[in-house]
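Note sheet for the following structure.
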Amino acid sequence: MSDCIFCKIINKDIPAKIVAETPGLIAIRDVNPQAPVHILIIPKKHIPTLNDVTKGDGSIVTDVHFLAQELAKNEGVGEKGFRLVLNTNSEAGQSVFHIHWHLLGGRILNWPPG
Ligand code: 5GP
Ligand code: ZN
């Protein structure tokens, strides 16, 4: 998608602080962090929202969770606690319509979320 900011980051057309990269995923620091650890895990495939995920994308979803596990450990929040957030559509606050998971940690995360 030529007008998608995350596709541009994936294609290295615009810069980002890359934390990890695999054949199917990229993980970057959020430009506007909401916690000491705020990483975005982004599939390289342009899928707009969770509503667009199909069974054929199952391995992507699994890989996201294993990468989150690894990054949480590397960032020192695996045992203390962290949150994996997937916002879907407007009432949930999704602002970039290329599916991504927020990995948040490094502070007390309140529940319920705002
Ligand atoms: P959403 O609101 O869609 O769940 O999350 C989008 C996230 O992407 C936001 O937390 C926002 O700060 C982040 N973001 C938007 N544009 C950029 C960018 O160009 N670079 C990086 N690193 N993060 C971005
Ligand atoms: Zn995209």
Exercise for the section: Grab the Cα-Cα distance for K12 and V85, subtract it from 0.36 nm times how many residues apart they are, and report the gain in nm with one decimal. Expected result: 23.8 nm
Completion exercise
Listed residues I14, I28, I42; largest mean-square fluctuation, Gaussian network over the chain with Cα springs below 10 Å, found at I14
Exercise for the section: At 7 Å along the Cα-to-beta-carbon direction for both Q69 and D57, put a label point, then send me their distance in nm to one decimal. Expected result: 2.2 nm
Completion exercise
With -39,500 (n - 2.57) per DSSP H segment of 4 or more residues and division by the full residue count of the chain, the 222 nm estimate, nearest 500 deg cm²/dmol, is -6000 deg cm²/dmol
Exercise for the section: For the range 5-96, calculate the relative contact order in percent as a whole number, restricting contacts to Cα pairs under 8 Å that are 6 or more residues apart. Expected result: 20 percent
Problem - All Cα pairs of the range 5-96, percent lying beyond 20 Å - result: 37 percent
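Report, in debye and to the nearest 20, how large the dipole of the chain comes out about its Cα centre when Lys and Arg carry +1 and Asp and Glu carry -1 on their Cβ.
Details: 11 positive and 11 negative charges, 40 e Å.
About 200 debye.
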Handout entry: Summed side-chain charge close to A68 - residues other than A68 whose Cβ falls under 15 Å, Lys, Arg +1, Asp, Glu -1
Key = -2
Fill in the blank from the handout: When the charge dipole of the chain is computed with +1 at the Cβ of Lys and Arg and -1 at the Cβ of Asp and Glu, the Cα pointing farthest to the positive end, of V64, F97, G81, is that of G81
Exercise for the section: In nm, give the distance between the simple-model label positions of L50 and D3, each being 7 Å from the Cα along the Cα-to-Cβ direction. Expected result: 2.7 nm
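No value in this document is a laboratory result; all are computed from the given coordinates. Everything quoted here is computed from the prediction, not taken from an experiment. Heads up, the Cβs are rebuilt from the backbone with ideal geometry, glycines too, and the neighbour counts pull from every protein chain shown.
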